[in-house]
Amino acid sequence: MCIRDRAYTYWVVQKYIEKPLLYKRRKFDIRVWALITSNNELFYYRQGYLRTSSEEYTLDTKQNYVHLTNNCLQQHGKKYSLHEVGNTISFEIFQNYLNEVYAGLGVDVERHLVGRMKDLMIDSFLSVREFLNPRKRKNSFELLGFDFLIDEDFRVWLIEVNINPYLGIPNKFIEGLLPKMLNDMCELVLDSHFKPVNEIPKWDIKSQFELLYSSKQKVNQRREFGCGLYPLKKMDIAPKQNEPFDANPVSYTHLRAHETPEHLVCRLLLEKKKKKKK
């Protein structure tokens, strides 16, 4: 295709992240729901989930079932649901995995990853705020799906924002999560205008939608821009002043039998910590 023939076409160029954090040797991304209202409000839904691929990660193939985690694609693969039902897991299961594999790092999903997700969600919202709801329709809203990738250094990257997020039910976890999210959304955008006539089921926990930004209520949870990309300072390999820089601090040639790259990083960091104590 000749670009010159597409003078008025918008293009998006993204750098592929070759070294993502893996879940049991497979690639994954994180789906988080967000709600935007006509009052210039941005809400974040606290319970997100991971979408996993069906094949082990490698750069030696361009197979979609290795590199793309979208449910609409993975569900057509022969290994769909082989590892996890519906290729979907909760934050809780992900946290348990991190506790097991990266015990020495103390990685916490809420403390180390979610904060950066919220920053990127606010930045994305503010970048297009003036173009949203151009006809100024009152009481309008939109549900969005934010997709994030975590790299080997636990840095959070925004992949895309979906205006028509998947609302299917691939497993029991989503079967319990989705109705609660939709009920919380309706309570926010509808109940103040249309009081429910029939009795609706009540959940034990309060709404999981958290207000991230509101110009009217003067709410802005965006952290200082000075916050580094590395949520774990231990993973920031930038050299200190007057300290020689090792251009290749972690070589995969040091991998032991049956050891994943993630285990290698964790092991080397722990060994380095032990040497300092001595």
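The values are calculated or read from the model by the stated rules, or taken from the named source; none is laboratory data. Computed from a predicted model, the values in this text were never measured in an experiment. Note: ideal-geometry Cβ built from the backbone for every residue, glycine included; neighbour counts use all protein chains shown. Note: accessible area is taken over every heavy atom of the protein model, side chains too, but ligands, DNA and RNA are not part of it. Shrake-Rupley method; radii C 1.70, N 1.55, O 1.52, S 1.80 Å.
Of the residues making up region 83-115, those that are open to solvent by less than 50 Å² (accessible area, probe 1.4 Å), within 21 Å of W157 (Cα to Cα) and among the charged types (D, E, K, R) number 1.
Select from region 143-172 the residues that are open to solvent by 20 Å² or more (accessible area, probe 1.4 Å) and either among the aromatic types (F, W, Y) or part of a helix (DSSP H, G or I) (or both) and list them in ascending order. Across region 143-172, the qualifying residues are W157, Y166, K172. When L35, L82, L42, L59 are screened for being free of Cβ contacts under 8 Å to residues at least 40 places away in the same chain, over 26 Å from K233 (Cβ atoms) and either aliphatic (A, V, I, L, M) or in a helix (DSSP H, G or I) (or both), only L82 passes.
Does E175 count as open to solvent by 80 Å² or more (accessible area, probe 1.4 Å) and within 21 Å of the chain's Cα centre (by Cα)?
Details: open to solvent by 80 Å² or more (accessible area, probe 1.4 Å): yes; within 21 Å of the chain's Cα centre (by Cα): yes.
Spelling it out, E175 is indeed open to solvent by 80 Å² or more (accessible area, probe 1.4 Å) and within 21 Å of the chain's Cα centre (by Cα).
Modelled with pLDDT under 95, among the charged types (D, E, K, R) and open to solvent by 40 Å² or more (accessible area, probe 1.4 Å), is that true of R6? Working first, answer last.
Details: modelled with pLDDT under 95: yes; among the charged types (D, E, K, R): yes; open to solvent by 40 Å² or more (accessible area, probe 1.4 Å): yes.
Spelling it out, R6 is indeed modelled with pLDDT under 95, among the charged types (D, E, K, R) and open to solvent by 40 Å² or more (accessible area, probe 1.4 Å).
Under the condition of being farther than 21 Å from V32 by Cβ and touching a residue at least 12 places away in the same chain (Cβ under 8 Å), the residues counted in region 88-103 number 3. Take the residues in region 62-73 that are assigned to a helix (DSSP H, G or I) and out of contact with any Gly (no Cβ under 9 Å at 6 or more places or on another chain), then tell me which one is surrounded by the fewest Cβ atoms within 10 Å (Cβ to Cβ). Ranking the candidates gives L73 first. Taken as a whole, region 124-135 holds at least one residue that is of a type outside the set (K, R), in a helix (DSSP H, G or I) and within 27 Å of K233 (Cα to Cα).
Residues in region 144-165 that are farther than 16 Å from V128 by Cα and aliphatic (A, V, I, L, M): 4 in all.
Within region 142-169, the residues that satisfy the criterion of being touching a Ser or Thr at 6+ places or on another chain (Cβ under 8 Å) and either at pLDDT below 95 or of a type in the set (A, V, I, L, M) (or both) are L158, V161.
Being crowded, with 21+ Cβ neighbours inside 10 Å, under 30 Å from F141 (Cβ atoms) and among the hydroxyl-bearing types (S, T, Y), is that true of even one residue in region 33-42? No, region 33-42 has no match at all.
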